[in-house]
Amino acid sequence: NREEATLFRASAARANCLSQDRPDINFSTKQLCREFGSLNQKSFLRLKRLVRYLVRFLRLVYEYKFPPKGQAPADTIELYVDTDFAGFRETRRSTSGGVALVGSCNIKHWSKTQTTIALSSGEAEYYGMVKGASQGIGIQSLLADMGFNVSLQINTDASAAKGIATRKGLGKVRHLDVQDLWIQQRLRNGDFQLYKVKGEENPGDLFTKASLTQHRIEGLLNMLNCNY
């Protein structure tokens, strides 16, 4: 009914605000806010599940460690990006997620539904890489305004997406959205570096999947120097 719908939207909006500082609930709150237009009783069950999690883990602490004496601060922004291909069964849309680290410090994370419907996992991962690159370039520009010149490094666990980004043009991937090919030129210009990492070592996994176990969530949070 209308009262329950108002309560759901108000609670989900508060959770969405909280998720800016809680990377462990970023994906969940994004999913809840997508249900504003078609609420049902299952929506309330999902909200209650999130609330029970927050009651169990009231506080998440960020650890920002100073570099050892005599050692220079970190001069690289490390981005870890990941994608859940066709995670929405109804729309077949994918989710892009990632996190930006300066040294061991988590300074930004995101979980976004892709606007383009990807036709393959490699294409979806590439769109997630483009999203991460735009976030990283923005952070790099912000730090430059503050007087810090830092390099940019993007890490992905998708070999296919890395292959698309390092080639020139579409290649055989004819259905790729050409407006996202700018990353190829920026990579050739040396504006950032692109590396392949193992899936289990990618903290971006935290922002794209709903099926993670509590043990896996805690392991990913440790990679971000966050703990309960």
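The values are calculated or read from the model by the stated rules, or taken from the named source; none is laboratory data. Model, not experiment: these values are computed from the prediction. Glycine gets a Cβ as well: all are built from the backbone with ideal geometry, and neighbour counts include every protein chain shown. Each accessible area value is taken on the protein alone, full model and side chains, heavy atoms only, with ligands, DNA and RNA left out. Shrake-Rupley method; radii C 1.70, N 1.55, O 1.52, S 1.80 Å.
Any residue at all in the stretch 42-51 that is closer than 22 Å to residue 222 by Cβ, open to solvent by less than 60 Å² (accessible area, probe 1.4 Å) and in contact with a Ser or Thr (Cβ under 6 Å, 6 or more places away or on another chain)? Looking through the stretch 42-51, at least one residue is closer than 22 Å to residue 222 by Cβ, open to solvent by less than 60 Å² (accessible area, probe 1.4 Å) and in contact with a Ser or Thr (Cβ under 6 Å, 6 or more places away or on another chain). When 188, 167, 174 are checked against the criterion of being modelled with pLDDT of 85 or more, farther than 22 Å from residue 138 by Cβ and open to solvent by 30 Å² or more (accessible area, probe 1.4 Å), 167 stands alone in meeting it. The C-beta contact set for the stretch 130-158 (first residue over 24 Å from residue 114 (Cα atoms), second residue assigned to a loop (DSSP other than H, G, I, E, B), distance under 6 angstrom, 6+ apart or interchain) comprises 143/150; 150/75. Screening residue 55 against (1) in contact (Cβ under 8 Å) with a residue 12 or more places away in the chain; (2) over 29 Å from residue 138 (Cβ atoms); (3) in a helix (DSSP H, G or I) leaves a single unmet condition, (1). Please work out if residue 28 is without any contact (Cβ under 8 Å) to a residue 40 or more places away in the chain, among the small types (Gly, Ala, Ser) and either open to solvent by 30 Å² or more (accessible area, probe 1.4 Å) or assigned to a helix (DSSP H, G or I) (or both). So residue 28 does not fit the description; no.
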